Every structure is written in structure tokens, then in C-alpha cells.
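S.K.: I have a structure I would like to understand better, so I am pasting it below and will then ask my questions one at a time.
The values are calculated or read from the model by the stated rules, or taken from the named source; none is laboratory data. Remember, predicted model here, so these are calculated numbers, not experimental data. FYI the Cβ positions are ideal-geometry reconstructions off the backbone, even for glycines, and counts take in every protein chain you see.
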Amino acid sequence: MNRRNEKGFSLLELLIAMMIIAVLGTMGFNQVRKRSAQARYLKAQDDLKIVAEGLDQYYLANGKYPDFGSYDAMVDANSVLVKGNLIKANMGGTDPFGAPYEGKSNHGSYELKCQGDPNDQEEHGPFTRTPSQGPQQIGGAAAAPKAEGGAPK
């Protein structure tokens with residue numbers, strides 16, 4: 001039999017095609033994993049923003065922040081924030097990475113914390129929220145504060 005007349009792919013051609021597919025699949029999987037971690041980090045920031053805005057609304061109405069010893073007390077169904085419709089009911093006490101949110105408030109201030117992504121503290125590290133501030137990253141790749149005009153201080 002003449003080998004030139006046979007139809008189909010050689011074993012080497014199949015192995016090369018499989019390697020190309022494997023490399024592309026690995027690259028795609030890494031991108032999906034990165035985007036998923038970024039989405040969870042943004043969800044954590046949004047959760048703390050909702051609670052912070054609820055606390056700020058309470059302050060505007062009452063001239064002081066409510067006393068809470070923990071984040072769980074803030075989002076509990078019997079909380080003044082939930083009962084006053086300042087935050088949505090059934091907010092979870094854990095971040096999208098599975099760690100508990102931390103938080104406390106007293107008449108003059110509050111502090112809300114998230115530990116961030118335990119697998120990527122460099123890009124998605126811990127952050128905290130306090131009155132009149134957005135999320136402040138703790139350590140990691142935090143940007144330098146900007147002075148007026150947009151230049152770093």
C-alpha cells in the first residue's frame with residue numbers, strides 16, 4: 001500500500017493541534033479567573049458602599065451614627081438601617097471571597113472593612129470605608145493620593 005494515498009492526519013499533526021488548543025484554553029481560563037476575582041472585588045466594594053450610604057443617611061436624619069458593635073448587627077433584619085429602609089434586607093455578612101466583613105460604628109464615626117482576595121492581595125487587597133470617603137486600599141497596589149491638579153502628592 002502506498003502511504004501517500006492514505007487520507008487523515010498524522011499523529012504529529014494531531015499532537016500539535018492538541019497543544020495549540022491546550023495553550024489557548026489555559027490562557028482563556030486565566031483571563032476568566034482574573035475577571036471573576038475582579039468582579040467579586042467590585043461586589044465587595046459595592047456591598048460596603050451600600051452600608052456606608054445607609055449609615056450616612058441615618059446620620060443626616062438623626063445627627064449621629066447608630067451604635068453597632070459588628071457588621072452583622074448593621075445588616076441584621078432588626079437593624080435600624082434595615083427597618084428604616086436605608087439598606088436592603090438580607091445583605092450577607094460575608095464578602096464574595098467567603099471571609100466575614102468587619103465593621104463598627106458609634107455616634108461620631110464608622111469603619112467598614114473587607115479583607116479582599118486572599119489569593120491576590122497585591123491587586124485586590126484589603127480596603128476600608130469611613131465617613132465621607134470611598135474605599136481606601138490598605139497596602140498592596142494603592143495609588144498615591146492626588147493633589148489639586150491631578151499630580152501625585
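S.K.: From the list Ala89, Ala77, pick out the single residue that is loosely packed, with under 12 Cβ neighbours inside 10 Å, assigned to a loop (DSSP other than H, G, I, E, B) and in contact (Cβ under 8 Å) with a residue 12 or more places away in the chain.
M.R.: After ruling out the rest, the residue left standing is Ala77.
S.K.: Also: Out of region 55-74, which residues are surrounded by 20 or more Cβ atoms within 10 Å (Cβ to Cβ) and in contact with a Gly (Cβ under 8 Å, 6 or more places away or on another chain)?
M.R.: Within region 55-74, Tyr58, Phe68, Tyr71, Met74 qualify.
S.K.: Between Gln38, Gln115, Gln45, Gln31, which is out of contact with any helix residue (DSSP H, G or I) (no Cβ under 8 Å at 6 or more places or on another chain) and surrounded by fewer than 11 Cβ atoms within 10 Å (Cβ to Cβ)?
M.R.: Gln31
S.K.: Can you tell me which residue in region 2-58 is modelled with the lowest pLDDT, limited to those that are within 15 Å of the chain's Cα centre (by Cα) and more than 30 Å from Phe68 (Cβ to Cβ)?
M.R.: Per the criteria, the residue is Arg33.
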